[in-house]
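> Structure below; questions to follow.
The values are calculated or read from the model by the stated rules, or taken from the named source; none is laboratory data. Bear in mind the structure is a predicted one, so any value in this text is a computation, not a measurement. Here Cβ is always computed from backbone atoms with ideal geometry, including for glycine, and neighbour counts include all displayed protein chains. With ligands, DNA and RNA removed, areas are computed over all heavy atoms of the protein, side chains included. Shrake-Rupley method; radii C 1.70, N 1.55, O 1.52, S 1.80 Å.
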Amino acid sequence: MIFYILLFLSISSLWWYWKTRDGGKVANLTGKYIFITGCDTGFGNMAAKIFDKKGFRVLASCLTEKGAKELQAAASNQLQTVLLDVRDSNSIKKAAAWIKAEVQSEGLWGLVNNAGIMGPTAPTDWLDIEHFREPIEVNLIGLINVTINMLPLIKQAKGRIVNVSSIGGRIAFCGGGYCPSKFGVEGFNDSLRRDMKAFGVKVSCIQPGLFKTPLTDLTKILKEKEVIWNQLPHDTKKQYGEEYFQKDVAKKEKLSKACLNTDISLVVECMEHALTSVHPWAHYVVGQDAKWFWTPLSRMPTDVQDFLLLRNREKPAVSHRK
């Protein structure tokens, strides 16, 4: 009996310690500079607006002039925007020089690497190397390039880096370049976190599930896939069967409805915790689908993963799959 009482007290003490430790906030963050990429829409757009209201000096990058103007109109005069294409090294260098001139000796407290695209999602034998190249260039190479150019300013402030990955960096739920790019982000994030510990820089990774944003617009994704399908050689189409595309679309729509999260503020809350907590987490898993399906599935044997994921794909006509 005494053993169980001691065990209960020990667990309770650890839980209380963790909650107290987790709730501590860094003091005097008002006016600190943070740079967020991919602010035209989605997570980045909401984060820029919220952090602006909370008193941060937000430097927000947008891909388009339209996105920059709309964001600027919805925020305070303190928020500043810059046009940035993370695929372009010169664009990144220009943005880094502009940010350096803005922050001066204060340095950059936070970098939120949020810019990303889905790219075509289809079976690998439907795709060519260019279909893989763009999501990898944007989601991985661009993220690394931005980080490298901002590191001196982050180290100067002993600040924070927040990399937005995906549950697709834990388990490859679709074909194409998206999941390989996010697996790469996970690897880069882990090595960067260890490299920066000695400099007082803390690095976090956010792994959202499926959220309702322009990136996950199912209509757009399926249109891109249909274009690829229509251009396939006759032999490849024959292997899959003429009815494959429509049947697979129906399964994808069903899965999307089951997994889709609508409250994107949950992701922004994780960004905020990573930027402001005394003890930010190394990884943030966000979304009910990510917590209760994708993450547990990523830890299961590959046979279990394959069985469950393939149930949500149409079988090709020549399939030998049971």
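> Relative contact order of region 213-322: what whole-number percent is it, with Cα pairs under 8 angstrom and at least 6 residues apart?
40 percent
> Pulled fully out, how much extra length does the chain show between Lys251 and Asp190, if you take 0.36 nm times their separation in residues and subtract their Cα-Cα distance?
Details: separation 61, 0.36 × 61 = 21.96 nm, distance 3.43 nm.
Residue separation times 0.36 nm, minus the Cα-Cα distance, leaves 18.5 nm.
> Now a separate question. Extension gain Leu83-Ala27, at 0.36 nm per residue separation less the Cα-Cα distance, in nm?
Contour length minus the Cα-Cα distance gives 17.0 nm.
> Can you tell me the relative contact order of the chain? Whole percent, Cα pairs under 8 Å, sequence separation 6 or more.
Contact order relative to length: 18 percent.
> Are any of the pairs Lys220/Lys254; Lys252/Lys315; Lys49/Lys291; Lys49/Lys69 more than 22 Å apart by Cα-Cα distance, and if so, which?
Check vs 22 Å cut-off fails for Lys49/Lys291.
> At q = 0.24 Å⁻¹, what log₁₀ I(q)/I(0) does region 283-322 have when each alpha carbon counts as one equal point scatterer in the Debye sum?
Scattering profile of region 283-322, log10 relative to I(0): -0.83.
> What part of the accessible area of the chain, given as a whole %, is carbon or sulfur when the probe is 1.4 angstrom?
Of all accessible area on the chain, carbon and sulfur atoms account for 58 percent.
> I'd like to check one number: the per residue accessible area of the chain, probe 1.4 Å, reported in Å² as a whole number.
Spelled out: the 1.4 Å probe surface of the chain, per residue, equals 53 Å².
> Here is a follow-up. Loop only per DSSP, at most 16 neighbouring Cβ atoms within 10 Å: give me the trypsin sites (Lys or Arg not before Pro) in region 104-176, ordered by residue number. If you can, show how the numbers build up before the last one.
Values: sites: Arg133, Lys155, Lys158, Arg160, Arg170; in loops: Lys158, Arg170.
Qualifying residues, ordered by number: Lys158.
> I need the shape label for the chain. Rule: rounded when a/c is under 1.5, else prolate if a/b > b/c, else oblate, with a, b, c from the alpha carbon gyration tensor.
Oblate, because a/c is 1.5 or more while a/b does not exceed b/c.
> Counting other C-beta atoms within 10 Å, and keeping those with at most 11, which DSSP coil trypsin sites (Lys or Arg not before Pro) do you find in region 224-312? Let's see the in-between values first.
Details: sites: Lys225, Lys237, Lys238, Lys247, Lys251, Lys252, Lys254, Lys257, Lys291, Arg299, Arg311; in loops: Arg299, Arg311.
In loop regions of region 224-312 (DSSP not H, G, I, E or B), the sparsely surrounded trypsin sites (Lys or Arg not before Pro) are Arg299, Arg311.
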